[in-house]
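> Here it is, the structure, as structure tokens.
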Amino acid sequence: MGKRLKTGILLLNCFLFFLVPGCWGARETDGLGYVLSMGIDKGKENILQVTFQIAMPQAPGGNGGGEKGRNTEIVSLEAASLFGALQLANAFVSRDVTLIHNRAVIISEELAREGMSKYINPLIRSREIRRNTFLIVTRGQAREFIEKNQPLLEKNPSRHFELLLEGKHFTGFIPDSTINDFTEGVKSPGKEAVTSLAGVNEGNKGEERGWNVTEKARQETAYLPGTVPRVGGNKIEFIGLAVFRGDRLVGFLNGSQTRYYQMAAGMFESAVFTFPDPRYPQTYIISMEVRKGRNPDIHVDLSQEVPRIQIDQVLEGEIMSIQSGESYETGENERELEEYIAGYISREVTNVVKAAQREFGSDIFGFGNYTRRYFWTWEDWVNYSWLERFPTAEVRVNTIVAIRRTGLMAKTVPIASQKGGE
Amino acid sequence: MNNSDSNLIKLGHSEAIAVTMIFLGSKAFLGYPRMMAQMGATAGWIIILLSSIFSIAFWLIISSLLERFPGKSILEINEVVLGKYLGFGLNIIALLYIIFSSSLLLRLFSEAVILTALPHVPISALNFLFLIPMFVAAYLGLEAISRSAYISLPFIMAGTFAVLVFLYPFWDITELYPVLGAGAWPLLKYGFLNTSAFGEVLILAILAPFFSFGPERLRYAGITSIVIVAVSLILITVVYLMVIPMPGATENLVPFYQLSRTIYLGRYYQRLESVFILFWTFTAFLRLAIGYITAALITREIFKIPYYRPLLPALAVIILSLALTPEDVMKTVELEKQLRLFYGWIITFFLPSSVGAAAYLLKKGDRRGKKA
């Protein structure tokens, strides 16, 4: 090949860079309005009221747009569709409003009860929205939730949502909840969908309920969003999950139930639990960090007329507090505590599964997926109609708890005034 | 094959495998995993397994035909075995197939870029912008393309497997049950029809004179390419079915892109798909360039033209025009499914195997390499 030809080809290649067709769809960074979270409520004048929380540009020198101290602008508008609302937003937002950095979609309880698929399907089709975008159902209005969300420790709402929802790894209060999880749940013949549950807490300071210690331990995390007794902090809270049958919201599980739900669904990682002391259930409590020991063995037996669900789980614990001063750290005492907690957890897991059967008729645990092995073909499995059979299934839960660590204390020495007592 | 403008070209074993693998495997970045889910449900991957076995059987027949005529391409063999006119007809069919399939792929890759990265670019502009590097690559010749394929293949493979591994947190093996998915008969039926997916291994038979090794190693090059591509396609389909399970797996237009968008390894390792877009656009470019130069070489061979380069502009116009012919993306997808995945095996495997059978029956050629 001649030298001139080579040079020509090289020049042609260089020229190609100028032809790179980005210019057709060029969207400059400073020309875009980034939606960080989106809320969907039922509209009054039109079908939907869509709320966009849009990031405000913050120039280092303070010359960017927006008022000082505010880093997002919240706008709501009514439209027939989500993308119609997005277009309409450009009637008064100077920048091209885009969902490419949207991290959370918040849907009001009212809308969720009517069915969510028609609002979620467009999001799956859109190239701007990712399947791993968080999907949250809020008690009350989505707009109110976005407005009342005033993070104290984070400036960026996306980061705020990510950190809050990552909390599930060490609290177990909320389940995995993305658009992908929801779609999978809605479309699968083997399980139903759930989403994280959120809400606004207007200052519930708590009230005297007359619970004994056993009940207080049991109710410690049994809250729905908006009801956690607390003072101060951000007004929004994430605790519990929304239960769906098909694409319709049919009920809620509170924070405590959500932890046991995750054990049955094989999603549980770790959480701090409070149990009544086995020897002084009316007086003292024991706190323990419980972690998954290994993935639970879940078997669904279809050999009988009534399906039988067997859950075998192994949990590991680390003692955090023994109020009674009993030395549960070693020997027979340790075994007594392990067996007590194992029985306690098994009962609670069974209760949650039975609640899902009786109250919601919804296999949110995905037990149906364990029935797949009984069938050779997809069609046979679908025809078995697991979701209709789930409410009648028998459930057995077997838990093994192994106390692996006892914190920084090897044993508990009773305080002086109790010496020679009891 | 006439070597007038390529008589110095002798490609090695590795380059041959790299070219064939990219030619076969590029479909992984388009709708292939979705089609497997549509045809086989949870057992979509079994279709690929069966297809690859059928394909190897076909390839063994074709490579034994090549052994009878050492140093000759399948195009020359067609004319020797079937006679001038019938051989010519068969070669024209092969040429039309490769032109049609390249056009469809040009359109589909351009549509994929629009869908995923550049939504406002006109399809004609993207087609054209794929065509320019294709032209440059084809002009530089088979050697340049094959070496590019050889150099880039490890990166493409690493990029592809990285996507699958990064999705580990989303793997759920229960989603691969029921084991037989759509059922035994549909799996067998589609396993056979889908043999077309590996039919492009025929490129080795077309380019046989350009290789520095004999028919025996060519046979192994074909088998190696089919096996590695089949394993890769099976892994992609299995991960796809585990991460975006049935029935949702049948919905995605560009499954591999959807997979790469799903990667989330904590707040700092997400939104990685832009990196992978680079891998698959380069794969697309290589695949299209290989198809383009092969079409030019076939044309040269059929019409006994001494050079292939003057044919490139005319072929570019034909490929571009055909790429722009389908009305919309879904019609293109359907055409590809019909032509390349259902009926392609007739052209790529059945006809050459029939020629092999004819050569055997008519006692043309010789296994030990004697002259026909």
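Where a number appears in this text, it was derived from the coordinates with a stated rule and is not lab data. In this text, all values refer to a predicted model and were calculated from it rather than measured experimentally. Every residue, glycine as well, gets a Cβ built from its backbone with ideal geometry; the counts of neighbours run over all protein chains shown.
> For chain B, set up a Gaussian network in which alpha carbons nearer than 10 Å are linked by springs, and say which option among B:Pro255, B:Pro215, B:Pro154 fluctuates the most.
Among B:Pro255, B:Pro215, B:Pro154, the largest GNM mean-square fluctuation belongs to B:Pro154.
> When Rg is the radius of gyration of the Cα atoms in region A:264-409 and Rh is its Kirkwood radius, what does Rg/Rh come to?
Here Rg/Rh amounts to 1.08.
> Grab the DSSP H runs of chain A that are 4 residues or longer, score each as -39,500 (n - 2.57), total them, divide by all residues and round the 222 nm result to the nearest 500 deg cm²/dmol.
-8500 deg cm²/dmol
> As an exercise, use a Förster radius of 41 Å and the Cβ-Cβ distance of B:Arg217 and B:Phe303 to find the FRET efficiency, rounded to the nearest 0.05.
Once the sixth-power term is evaluated, E becomes 0.85.
> In percent, how large is the relative contact order of region A:64-211, given Cα pairs closer than 8 Å and 6 or more residues apart?
For region A:64-211, the relative contact order is 23 percent.
> While we're looking at this one, here's another question. Give me the percent of Cα-Cα pairs in region A:147-294 that sit more than 23 Å apart, rounded to a whole number.
43
> If you filter region B:269-306 for trypsin sites (Lys or Arg not before Pro), then keep DSSP loop positions with at most 16 other Cβ within 10 Å, what is left?
Sites meeting the loop and neighbour criteria: B:Arg271, B:Lys304.
> Tabulate in residue order the Karplus-calculated ³J(HN,Hα) for region A:392-402, using 6.51 cos²θ - 1.76 cosθ + 1.60 with θ = phi - 60°, rounded to whole Hz; enter x for Gly and Pro.
The phi angles translate into 9, 5, 8, 10, 10, 10, 10, 10, 10, 10, 10 Hz.
> Along region B:131-144, what does the Karplus equation 6.51 cos²θ - 1.76 cosθ + 1.60 (θ = phi - 60°) give for ³J(HN,Hα), rounded to whole Hz, x for Gly and Pro?
5, 4, x, 4, 5, 4, 5, 5, 5, 5, x, 4, 5, 4
> Also, I was wondering about something else. When all alpha-carbon pairs of the protein assembly as shown are counted, what percent fall beyond 45 Å?
Distances greater than 45 Å cover 39 percent of the Cα pairs.
> Based on the alpha-carbon gyration tensor of chain A, what equivalent-ellipsoid semi-axes (square roots of 5 times the eigenvalues) come out, in whole Å, largest first?
46, 29, 24
> Now for a different question. Report, by chain and number, residues whose modeled amide H sits under 5 Å from the one on A:Ile107, excluding near sequence neighbours (fewer than 5 apart, same chain).
A:Ile40, A:Ile136, A:Val137, A:Thr138
> I need the trypsin sites (Lys or Arg not before Pro) found in region A:122-222, filtered to DSSP loop residues with at most 13 other beta carbons within 10 Å of theirs.
Filter output for region A:122-222: A:Lys155, A:Lys205, A:Arg209.
> For chain A, modelled as a GNM with alpha-carbon contacts under 10 angstrom, which of A:Leu12, A:Leu315, A:Leu408 fluctuates the most?
The residue that fluctuates most here is A:Leu12.
> Using Cα pairs under 8 angstrom and six or more residues apart, how large is the relative contact order of chain B, in percent?
Relative contact order here is 41 percent.
> Of A:Lys187/A:Lys235; A:Lys3/B:Lys10; B:Lys27/B:Lys331; B:Lys27/B:Lys84; A:Lys155/A:Lys235, which pairs sit farther than 25 Å apart, going by alpha carbon to alpha carbon?
In this structure, A:Lys187/A:Lys235; B:Lys27/B:Lys84 lie more than 25 Å apart at Cα.
> Further question on the same structure: When A:Thr183, B:Thr224 are ordered from fewest to most other Cβ atoms inside 10 Å of their Cβ, what list results?
The order, fewest Cβ neighbours first, is B:Thr224, A:Thr183.
> Here is a further query. Using helices alone, what [θ] at 222 nm do you get for chain B, with -39,500 (n - 2.57) per DSSP H run of 4 or more residues, divided over all residues and rounded to the nearest 500?
Taking each H run of at least 4 residues, the total per residue is -22000 deg cm²/dmol.
> While we're on this one: Dipole of the protein assembly as shown (Lys/Arg Cβ +1, Asp/Glu Cβ -1, origin at the Cα centre): which of B:Leu176, A:Asn90, B:Leu351 lies farthest to the positive side?
The residue sitting farthest along the positive end of the dipole is B:Leu351.
> What three numbers, in Å, describe the spread of the alpha carbons of region B:58-125 along their principal axes, ordered from the longest?
52, 26, 18
> Which whole-Hz couplings ³J(HN,Hα) result when phi for each residue of region A:218-229 is put into the Karplus expression 6.51 cos²θ - 1.76 cosθ + 1.60, θ = phi - 60°, listed in order with x for Gly and Pro?
5, 8, 3, 10, 7, 10, 9, x, x, 10, 5, x
> Taking H as built 1.01 Å from N, whose amide H comes closer than 5 Å to the amide H of B:Ala182, not counting residues under 5 places away?
Amide H to amide H, under 5 Å and 5 or more residues apart or across chains, B:Ala182 pairs with A:Trp378, B:Ala41, B:Thr42, B:Ala43.
> Related question: Once you put a point 7 Å from the Cα of A:Thr214 and another 7 Å from the Cα of A:Ile47, both along the Cβ direction, what distance in nm separates them?
Label-label distance for A:Thr214 and A:Ile47, simple model: 5.3 nm.
> Now, a different point. With charges only on Cβ, +1 for K and R and -1 for D and E, what is the dipole size of region B:13-361 about its Cα centre, in debye, rounded to 20?
Result for region B:13-361 is approximately 300 debye, rounded to the nearest 20.
> Scan around A:Gly293 for amide H atoms under 5 Å from its own, H built in the peptide plane at 1.01 Å from N, and keep only partners 5 or more places away or cross-chain.
A:Val314, A:Leu315, A:Glu316
> Another question, if that's okay. How long are the semi-axes of the ellipsoid equivalent to region B:22-154, from square roots of 5 times the Cα gyration tensor eigenvalues, in whole Å, largest first?
Three semi-axes, in Å: 30, 23, 16.
> Could I ask something else about it? Return the ratio Rg/(2.2 N^0.38 Å) for region B:190-263, where Rg is computed over Cα atoms only.
1.46
> I need the calculated FRET efficiency for the pair A:Arg405 and A:Arg70, taking r as the beta carbon distance and R₀ as 30 Å, to the nearest 0.05.
Between A:Arg405 and A:Arg70 the formula returns 0.05.
> Same structure, new question: To make sure I understand the rule: partners must be lysines, Cα under 16 Å from the Cα of A:Lys292, and not fewer than 8 residues away in the same chain. Which ones qualify?
A:Lys168
> What FRET efficiency comes out for the pair B:Ser274/B:Ile93, r = Cβ-Cβ distance, R0 = 45 Å, nearest 0.05?
0.65
> A further question follows. Pick from A:Ile136, A:Ile286, A:Ile179: which is most flexible by mean-square fluctuation in a GNM of chain A where alpha carbon atoms under 10 Å apart are linked?
Fluctuation is largest for A:Ile286.
> So what is the diffusion coefficient of chain B in µm² per second by Stokes-Einstein at 25 °C and 0.890 mPa s, using a Kirkwood Rh over Cα pairs?
The Stokes-Einstein estimate is 118 µm²/s.
> Sticking with this one: When the C-alpha atoms of region B:237-303 are aligned to their principal axes, what extent does each axis show, in angstrom, from largest down?
Largest first, region B:237-303 extends 57, 30, 16 Å along its Cα principal axes.
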